[in-house]
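Student: Here it is, the structure in full.
None of the figures in this text is laboratory data; all of them are computed from the coordinates on show. Just so it is clear, the structure is predicted and the values come from calculations on it, not from any experiment. Heads up, the Cβs are rebuilt from the backbone with ideal geometry, glycines too, and the neighbour counts pull from every protein chain shown.
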Amino acid sequence: MNIQWFPGHMTKARRKIAEDLALVDAVCEIRDARIPRASANPDVPELTRGKPRVVALNRADLADPAMTKKWAQALRGNNLAVLETDCKTGRGLDAFPAVVRELLREKLERDAARGITKPIRLMVLGVPNVGKSTFINKIAGRRAAEASNRPGVTRGKQWVSVGGGIELLDTPGILWPKFDDPETGVLLAFTGAVRDEILDLEALGARLFMTLWERYRHAIAERYKLREGDAPDPQNPLELLARRRGFLVSGGEADILRAANAILDEYRAGKLGRITLETPKMTEYA
């Protein structure tokens, strides 16, 4: 399954990010804790030109907590701080100001010695639908940035004061021109970072079902009430889910599209449990 998506508005977004970078002291990169590698735009280090970065592993409430800890340990260091966040409850966000100030401690000390007092400004980056605007709104304690569950909804330049002398610049979600690893595109599609309208949902749902069957079989079995001895047909794995859920059409045929939509929606909503689909390597891209 090969997924490629790079609409024209993303070229414009990349250009604006490069222009606005001179206005900020650091970058806050939001990633999806369920897919920390796939949701990391590999162009960010080049785009941000070595600016200090805070990586927020967002939606940690939907990810395997043990795996999130491993990812945080793998990513920390080299001018990069890591936060585990859950924007639904606000967990982890209280630490954001302190983490930012520690990351920029030397600069802030230099500014203080020179009598310079000004807001700390950060640009918030991330792939579409990773929760950037929700992150900003939760920290700000108000609806300050436009949020949507559809990729690419953020428009224009939005500076948001979040207290503690910190201002955040919201940006549109950006993907990159080409997925070098086809698996990256698939993982992003699982979480909704690529618009469903351009995807083969039956193929995507089948791929997700088999991925979870291999890695989190107990979650699949419990959610869909699979019986002992049940096993999906690799050629049509969603038939098993459809029949166990009673998703049938006239003539008793399995409704594969309905089954695909069900597993995608339920995975994205966390109804299958706390699941992480990537394991950190010894040396992880930061």
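Student: Highest GNM mean-square fluctuation, the chain, Cα pairs closer than 10 Å: which of ASN78, ASN261, ASN58?
Tutor: Sorting by GNM fluctuation, first place goes to ASN78.
Student: On each of the three principal axes of the Cα atoms of the range 201-286, give max minus min coordinate, whole Å, ordered largest first.
Tutor: Here the Cα extents, ordered largest to smallest, are 53, 28, 24 Å.
Student: Would you kindly compute the Cα radius of gyration of the chain and its largest Cα-Cα separation (Dmax), both in Å?
Tutor: For the chain, the Cα radius of gyration and maximum Cα-Cα distance read 20.5, 79 Å.
Student: Still on this model: List the residues whose amide H sits under 5 Å from the amide H of LEU83, counting only those 5 or more places along or on another chain, with H placed 1.01 Å from N in the peptide plane.
Tutor: VAL55, ALA56, LEU57
Student: Taking H as built 1.01 Å from N, whose amide H comes closer than 5 Å to the amide H of ILE166, not counting residues under 5 places away?
Tutor: Amide H neighbours of ILE166, under 5 Å, 5+ apart: ILE120.
Student: Please build a GNM for the chain, connecting alpha carbons under 10 Å apart, and tell me which residue among THR68, THR171, THR117 fluctuates the most.
Tutor: THR117
Student: Moving on to the next point. Taking the chain as a Gaussian network, where each spring joins two C-alpha atoms under 10 Å apart, which residue of ARG207, ARG15, ARG268 fluctuates the most?
Tutor: Per the Cα network of the chain with a 10 Å cutoff, ARG15 tops the list.
Student: Spelling out what I want: for every residue of the range 207-220, take phi, set θ = phi - 60°, compute 6.51 cos²θ - 1.76 cosθ + 1.60 (Karplus), and round to whole Hz; glycine and proline get x.
Tutor: Per-residue couplings from phi come out as 5, 5, 4, 5, 4, 6, 4, 6, 9, 9, 4, 4, 5, 5 Hz.
Student: I'd like the Karplus ³J(HN,Hα) series for the range 59-71: coefficients 6.51, -1.76, 1.60, θ = phi - 60°, whole numbers in Hz, and an x wherever there's a Gly or Pro.
Tutor: 3J(HN,Hα) across the range 59-71, in whole Hz: 6, 4, 5, 9, 9, 5, x, 5, 5, 4, 4, 5, 5.
Student: In nm, to one decimal, how far is the ARG244 label point from the ASP181 one, both placed 7 Å along Cα→Cβ?
Tutor: It works out to 2.8 nm between the two label points.
Student: Also, I was wondering about something else. Calculated FRET efficiency, ARG101 and MET210, Cβ-Cβ r, R0 35 Å, to nearest 0.05? Write down the numbers at each step before the final one.
Tutor: Details: r = 45 Å, r/R0 = 1.29.
Working from the Cβ atoms, E equals 0.20.
Student: Here is a further query. Please list, ordered by chain and number, the residues whose modelled amide H lies under 5 Å from the amide H of CYS28; skip anything fewer than 5 residues away on the same chain.
Tutor: Result for CYS28 returns VAL54, MET123, VAL124, LEU125.
Student: ³J(HN,Hα) across the range 235-251 via Karplus (A = 6.51, B = -1.76, C = 1.60, θ = phi - 60°), whole Hz, x for Gly/Pro?
Tutor: Here the 3J(HN,Hα) series is 7, 8, x, 6, 4, 4, 4, 4, 6, 5, 8, x, 7, 10, 10, 4, x Hz.
Student: Going by C-beta contacts inside 10 Å, put TRP213, TRP71 in order with the fewest on the left. Show your work: numbers first, answer last.
Tutor: On the way: TRP213 19, TRP71 25.
Placing the least packed residue first, the sequence is TRP213, TRP71.
Student: Give the residue from THR211, PRO97, PRO232 lying farthest towards the positive end of the charge dipole for the chain; charges sit on Cβ (+1 for Lys and Arg, -1 for Asp and Glu) and the dipole is referred to the Cα centre.
Tutor: Of the options given, the answer is PRO97.
Student: With the Cα gyration tensor of the range 8-170 giving a ≥ b ≥ c as the square roots of its eigenvalues, does the rule (a/c under 1.5 for rounded; else a/b larger than b/c for prolate; else oblate) give rounded, prolate or oblate? Walk me through the numbers before you get to the answer.
Tutor: Details: a/c = 1.38, a/b = 1.17, b/c = 1.18.
Judged from the Cα gyration tensor, the range 8-170 comes out rounded (a/c under 1.5).
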